[in-house]
Every structure is written in C-alpha cells, then in structure tokens.
Amino acid sequence: MSDLMKLPVAEGLFTWPPDGRPQLIASRHRGTGAVTFPADPAQDDVDEILLSRTGTLFTWTTQQFVPPSPPYTGETDPASFEAYAVGYVELPEGILVEGRLTESDPELLTIGQQMELVLVPFVERPGADGGPSREILTFAFAPVAPVAPVASQGVEA
Amino acid sequence: MSGVSIIGVGMHPFGRFPGKQAMDMGAEAIRLALKDAGVGWEQVQRAYAGSLVVSNPDAVVGKLGLTGIPVFGVFNGCATAHIAVSLAAEAIEHGKADIALAVGFDKHPRGAFSGEPAVLGLPEWYGETGMFLTTHFFGMKINRYMAMHGITPGTLAKVAAKNFRNGALNELAWRREPMSEEAILAAPYLNYPLTKFMYCAPDEGAAAVVLCRRDLASRYSDSPVHLAAAELRTRRSGAFEVSSPSLPAASVPSPTVYASAAAYEKAGIGPEDVHVAQLQDTDAGSEVIHLAENGFCADGDQEKLIADGHTEIGGRLPVNTDGGLMANGEPIGASGLRQIHEIVLQLRGRAGARQVPGPHSVGYTHLYGSPGTGAVTILTT
C-alpha cells in the first residue's frame, strides 16, 4: 500500500486531517446565514465553514445498475460492479448534504439514524510514467452504530 | 387562459423506431393534428417546437412547408411540452395569432438519462462519483414519503400494474403487456424501493396540438376543448429537488403544489371537479406523491384510495388512462403533449376501450421536470 498516492476526488470539498476526522467545507452567507455545500469561494459575501461530522439520515436509495459513463468514473464492468447507496444527511447547520453511504443493505438503513462523515477509497488509477498508483478518495456517510434489522420502516422519522 | 381552445391533436406512436428520425415523427404528429383540426399548415400562424436531442426543432417546418411564420424552439427539461403549449396559448391571447401549433419530438438511446453535470451547473465530482442520476431523486423522495405517510411497496406495484394495464388498451403506447403486481414487486431494484418495473424509460415519439382563438374554434371543430389554465412554477428554496449536492433543511412544498394551486384558481375549478387526470409517473412513487401534490388527496390517503380502485379507468378519478409515462416511455419533448392528446380524446368521449365512464368534461395534466419544475394544465369541454 505504501506505493499508493492518495488524492481527493476534488480540491476544496473536505478537510483531511491525520486524526481521521474529516469535515466537509461549506459556505455560509453573511446576510441570510444560508449554508451551501460545496463551498462557493467565488462569492464575496460568504464565509467558509466546516460542517459537523455527524447528523441524521433524511432519506436514501440504492444504485443497483451501472451508472452511465461518462460522467461516472467508478467501476463500470457489470460483472464486478457493486451496488452502492446514496442519501441525504441532515446536519446541525440546517443543511441536507447528499453523499454516498458506506452501507447499501436496505435492511441496515433507517431514516432518522445517526450517520458520520468518513473518507473512502473510490477508484484506483495507474500512475503516470511508472509512478505510484493513485487512490482517489471521496466523502461518504457511515452509520454511527449498527441498527437492528427492521421488517419495514416505521413513522418515527 | 380564458380565450384559447384546442381544436386538433395528433400523436406518432411512442416506442422504438430504428432508422426513423425524430423530426419525421414530429412532422407526422403535426399532420395528424392538422387533419384532426381540419386546417391546413398554411393556416398556422405561429409554432413552438420542443426537443432534447434535436438542437433545432424549429427545422421541422422544412417538412411541412416554408411559409415564413415565426417558429420557436423551446426546452425546459421534462416540462418542455408544457412550454410549447403555454407559449402558443399566450401568443393567441396576446393577439399574435389566431391559430398556433405546439409540437414535441424526441429520440433517446436506451438507459437512464445522463450527461455531464455541467449542463446543470454542477461540479464534475458529482458525476464522477455516481451521484448525478435523476433516478436517485425519485428513489429517495418516495422512500421518505413512504416512511412518513405509511405507503407500502404493494401500493407502488398497484400503480405500475394499473398503468401497464391501461397501456395495453392504447394502440399508440410502447409497452402493451399487462404485468402482475407480484412480478413488479419481485423484479430487481433499480433504486430502492423502486424496482425495474416501477420506472418509465426514455424512448422515441412525437405529439402535436393545434390551438385556436376560442371564439373561432367552432368554425374548425365540433368538439373544441377549452384550455382553462396552463401554469408552470419553478422550485423555491428549501424544496426537495433533483440533482442537489445540498439543500436547505427547511422543507417547503414542491413547485407542483404552487403550479397546481395557480391553475385551479385560474380555471375557477377545484380538484373535486376533475374527471380524468394525467400525472407525471416517472416512477410509480411519483404518481402516488403527485396525487397529493396536485390536491387530489391528503398525504397518506393514497394507500386506501389506490387499493379501492380510485385511480382506475372506472374509478372516481382515473389517472394516466393511456398508460402514462410507464407504458408510453418518455420522449422528453413530446411527453406532455401526449398527456394533452389523451385528455382531449377523453373529453371528446372518443378514447375507445379506455374511455372513462361517467362524466368527462374536466381534465387535468401535470408534468414534473429537472431541475425542479412543476407544470399543470386544466382542460374543459
């Protein structure tokens, strides 16, 4: 693994501290207080803020067919494609952020459950001119604690 | 829209037509609509043409006759057809034409709609990491709606089965095979909780409508249909909308709710007066949600209403009597004109095997499109 060079999928999306506690980078409008992600540094009336790392699952779905590529740059071979989940997590800053989820089993996802931000390997690309391979990292939300399987979702959310 | 009537409708079948250009389908739909209206192309004074894949849909006039009239190409995502109709109607109301035409045609490849995120002003990583799929929105919206309002997967299957059953009665539809609720539920998920047979798919086709000053309509048609309202609204901050890397947590209603309320007010008609409706059924969950967003029931009432057959052709409010998007597919530029085509047939009482029994003087159409647009028309006899 030492010859892997890790890179974020885009600059300015998330912090990447050595303690393994990344945060998403957002903009807060000075006048309205409205928070948006990703940050929009081109605007001159916003401040950059770091979003809370934990929130609640607002809603989610799964992606069970290979997404059209382009734009998708992940695995597109139907034989090795693995379904993934995406969802919106409601954060204390008054924002819903859409992200990939580390869990894609419908039995293990429940609206309202606690989620936290993590960085996950997305794809690996060969290095240029024999250099080290590059592992592209993106952000995702992971369940904070495993939930008991449920037969159907209730209305507790 | 007090002064505009529809005097002719025409539709090229929806489906797959290898080797046939979208524009040829559009020209056929126009000729059928003109024949239905009993007017010639040379009598059309203004036209609006919508398409996703044809970059110059106004070029369709080359297939009909170069009469020199103003022709406008239009595009607003899945609400494109509404734009064509409402602009044609406004031109008539503003005295720019007595007879105007709206047409839409498209020809999409197989598979989910896709593209570069930049077309919606979104960052590249959003597409690279597999988040830029409109189908995610539909899965996520109905997943939360089911949890909040007690809708079950069986109700989604009932909606899909009803639309395929209606499509089987429609000779212009793409999918004409009925399918059991069990088979719909047992199919693999595309995006939980939506299975493969709970989605519409992009395809090919065309539809056209001829509009006319209401006070002149009886010259051309023995059964003109009055365009009582045509209203479109875009999303407000806080609405839960498609292709959004983030959203404000303060929830506000969908643009459909505002478009619908404006249309009812304009027409002086309430949801209880509507006899037959076309609601955007991109997926079975969308039809369930749109019943409430368009004022036809309260959130959660769908579970019982659909079980009781309320939205079947013989029910209290038949919905998507021609099979909707699920049985017809979605050629984006034409889809909303197909909805109007069906409502006009129903209001005339000429919808054949799928004619709604009982009164049929008030019809309703609804489109929802990316990036957050709701569009409604109300049609009356």
Legend entry - Summed residue charge, Cβ within 13 Å of residue B:126's Cβ, Lys/Arg positive, Asp/Glu negative: -3
Inset, instruction - Return a whole-number percent for the relative contact order of chain B, with Cα pairs under 8 Å and 6 or more residues apart as the contact set. - result: 26
Inset, instruction - Could you state how much accessible area is buried at the B-A interface, both sides summed, with a 1.4 Å probe, in Å² to the nearest 100? - result: 3300
Legend entry - Semi-axis lengths, Å, chain B, gyration tensor of Cα atoms, sqrt of 5 times eigenvalues: 31, 23, 20
Inset, instruction - Note the direction-averaged projected area, equal to a quarter of the hull surface, for the Cα convex hull of the range A:20-122, in nm². - result: 7.9
Legend entry - Net charge of Cβ neighbours under 10 Å - reference residue A:37; Lys, Arg +1; Asp, Glu -1: -3
Inset, instruction - Positive end of the charge dipole of the range B:177-226 (Lys, Arg +1 and Asp, Glu -1 on Cβ, about the Cα centre): tell me which of B:217, B:190, B:201 has its Cα farthest that way. - result: B:217
Legend entry - Per-residue SASA entry for residue B:297, accessible area with 1.4 Å probe, Å² rounded to 10: 20
Inset, instruction - Find the lysine pairs in the protein assembly as shown meeting two conditions, Cα atoms under 16 Å apart and a separation of 8 or more places or different chains, and report how many there are. - result: 7
Legend entry - Low-density loop cleavage sites - GluC sites (Glu not before Pro) in the range B:155-186, where at most 14 other Cβ are within 10 Å (DSSP): B:171
Legend entry - residue B:239 long-range amide H proximity, modeled H, under 5 Å: B:252
Inset, instruction - Find the accessible area per residue for the protein assembly as shown; the probe is 1.4 Å, ligands and nucleic acids are left out, and the unit is Å². - result: 39
Legend entry - Positions from the range B:105-129 whose accessible area shrinks by 20 Å² or more when the full protein complex is built, not the chain alone, probe 1.4 Å: B:112, B:114, B:116, B:125, B:127, B:128, B:129
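Rounded, prolate or oblate: which fits the range B:250-341 when a ≥ b ≥ c are the square roots of the eigenvalues of the alpha-carbon gyration tensor, with rounded for a/c under 1.5 and prolate only if a/b beats b/c?
Numbers: a/c = 1.27, a/b = 1.09, b/c = 1.17.
The shape class here is rounded.
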Legend entry - Cα gyration tensor shape of the protein assembly as shown, rounded if a/c is under 1.5, else prolate or oblate by comparing a/b with b/c: prolate
Inset, instruction - Could you tell me whether the range B:298-381 comes out rounded, prolate or oblate from its Cα gyration tensor? Rule is a ≥ b ≥ c as square roots of the eigenvalues, rounded for a/c under 1.5, then prolate if a/b exceeds b/c, otherwise oblate. - result: oblate
Legend entry - Sequence-distant residues sharing a close amide H with residue B:278 (under 5 Å, placed H): B:320, B:364, B:365, B:366
Legend entry - Unit charges on C-beta of K, R, D, E only; dipole of the protein assembly as shown, Debye: 1600
Inset, instruction - For the protein assembly as shown, give the percent of accessible area contributed by carbon and sulfur heavy atoms, probe 1.4 Å, rounded to a whole number. - result: 52
Legend entry - Helix runs (DSSP H) in chain B reaching 15 Å along axis by Cα, Kyte-Doolittle at least -1.0: B:22-37, B:80-93, B:134-149, B:153-167, B:255-267, B:332-348
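The values are calculated or read from the model by the stated rules, or taken from the named source; none is laboratory data. What you see is a predicted model; the values in this text were computed from it and never measured. Glycine also receives a Cβ, built like all others from the backbone with ideal geometry; neighbour counts cover every protein chain displayed. Please note that ligands, DNA and RNA were not included when accessible areas were found on the heavy atoms of the full protein model with its side chains. Shrake-Rupley method; radii C 1.70, N 1.55, O 1.52, S 1.80 Å.
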